[in-house]
Amino acid sequence: MIKKINKLNFRIFNDFKWPSELPEFKRYNLIYGWNGSGKTALSTIFRQIEEKEILNSQFEIETDDIIIKSSDLASLRIVPQIKVFNKDFIEDNVFTSTGE
């Protein structure tokens, strides 16, 4: 399970570091906020981990078992069970170009 994002450089998150007063993630998390506040950026990072897909991002995410670094993503043998329901998921699984 993801506990926290130690570091993040992606889209609006420039040199983000997890504040000590911010609670850690729990088993289920709902992310909401104003337009432009970083919801899509976060879901993209989490989907990147889910798919082991390398994008132009730098992150370090702490889980119960390991610390995941963007530079090590392709070589990870064990990836935490992450399920992201966002626009990319819908495009890939609901409204496909083949009509299936």
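The values are calculated or read from the model by the stated rules, or taken from the named source; none is laboratory data. Model, not experiment: these values are computed from the prediction. Here the Cβ positions follow ideal geometry from the backbone for every residue, glycine too, while neighbour counts run over all protein chains shown. Heads up: the accessible areas ignore ligands, DNA and RNA and are worked out on the full protein's heavy atoms, side chains in. Shrake-Rupley method; radii C 1.70, N 1.55, O 1.52, S 1.80 Å.
Quick check on my filter: what residues within region 6-38 are within 14 Å of the chain's Cα centre (by Cα), polar (S, T, N, Q) and within 18 Å of Ile67 (Cα to Cα)?
Within region 6-38, Asn6, Asn9 meet the criteria.
Of all residues in region 8-46, which are open to solvent by 100 Å² or more (accessible area, probe 1.4 Å) and either in a strand (DSSP E or B) or small (Gly, Ala, Ser) (or both)?
Here is the first cut: in region 8-46, the residues open to solvent by 100 Å² or more (accessible area, probe 1.4 Å) are 11, 14-15, 17, 20-21, 26-28, 30, 32, 34-35.
Passing the criteria: Asn14, Asp15, Lys17, Ser20.
Have a look at Ile49, Ile61 and point out the one that is touching a Pro at 6+ places or on another chain (Cβ under 8 Å) and free of Cβ contacts under 8 Å to residues at least 60 places away in the same chain.
On the way: Ile61 fails: touching a Pro at 6+ places or on another chain (Cβ under 8 Å).
Among Ile49, Ile61, only Ile49 is touching a Pro at 6+ places or on another chain (Cβ under 8 Å) and free of Cβ contacts under 8 Å to residues at least 60 places away in the same chain.
Consider Ser71 carefully, then state whether it is of a type in the set (Gly, Ala, Ser), open to solvent by 90 Å² or more (accessible area, probe 1.4 Å) and either touching a helix residue (DSSP H, G or I) at 6+ places or on another chain (Cβ under 8 Å) or closer than 18 Å to Phe16 by Cβ (or both).
So Ser71 passes the test.
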